[in-house]
Amino acid sequence: MTAELDPARILKVDRLVRAPISLVFEMFSDARHLDAWWGPDGFQNETHEMDFSVGGLWRYTMHGPDGKDWPNWIRYREISPPTRIAYEHGGEMGEPAHFDGIITFESEGDKTRITMILIFPTQAARDATFKFGAVEGGKQTLARLDAYVSALHTSS
């Protein structure tokens, strides 16, 4: 899907996570897990509703370290356990999506390579997220996932 897309519209981050693919995939399917790690350092999530199914909605608020609230929604387009999730992502309900997302999971021994690809409607929209710190925020989010799922994996 991304091969024909203009690379100037794409933001991509990845990380090798210290847990098996089935467990890493599970971290995306349950709000109790997502609320524990989703978002950059200092942010806390509050899920309002979540239906992890194709066409389903995850609606949540990210509470920033500065006290600002960031409403978000994700509408799932594809869920292919345990290798892929595709979705559209927006802010306020009722407004159009800001970007499309694809998350892929690939086993590397007893670890999992997770890749998050965000596809923006224009290069300008992508560039604005770069200025906002989205790459560093994505790296922090995946580091938080790694720490969370690694703790679960080693305690089981």
Can you run phi through the Karplus equation (6.51, -1.76, 1.60; θ = phi - 60°) for the stretch 130-135 and list ³J(HN,Hα) in whole Hz, with x for Gly and Pro? 4, 5, 6, x, 5, 5
Note to self, the chain gives a 222 nm [θ] from helices alone (DSSP H runs n ≥ 4, -39500 (n - 2.57) apiece, / all residues, nearest 500) of -8500 deg cm²/dmol
Would you mind getting the accessible area per residue of the stretch 47-156, heavy atoms of the protein chains only, 1.4 Å probe, in Å²? 51
For K111, go through the lysines and keep the ones whose alpha-carbon is under 28 Å away, minus same-chain ones fewer than eight residues off. K12, K139
Sequence of W37, W73 when ordered by accessible area, the most exposed leading, probe 1.4 angstrom: W73, W37
Want the number for F130 to T154: 0.36 nm per residue separation, take away the alpha-carbon distance, what's left? 5.2 nm
Here the relative contact order (percent) of the stretch 95-156, from C-alpha pairs under 8 Å and at least 6 apart, is 22
Quote the FRET efficiency, to the nearest 0.05, computed for E92 versus A143 with a Förster distance R0 of 30 Å and r equal to the Cβ-Cβ distance. 0.60
Positive-pole candidate from A97, G133, G56, dipole of the stretch 1-154, charges at beta carbon: G133
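The values are calculated or read from the model by the stated rules, or taken from the named source; none is laboratory data. Nothing here was measured: the structure is a model prediction, and the numbers come from that model. Neighbour counts run over all protein chains shown; Cβ positions are idealised from the backbone, glycine included. Quick note on the areas: whole protein, heavy atoms, side chains included, nothing else; ligands and nucleic acids left out. Shrake-Rupley method; radii C 1.70, N 1.55, O 1.52, S 1.80 Å.
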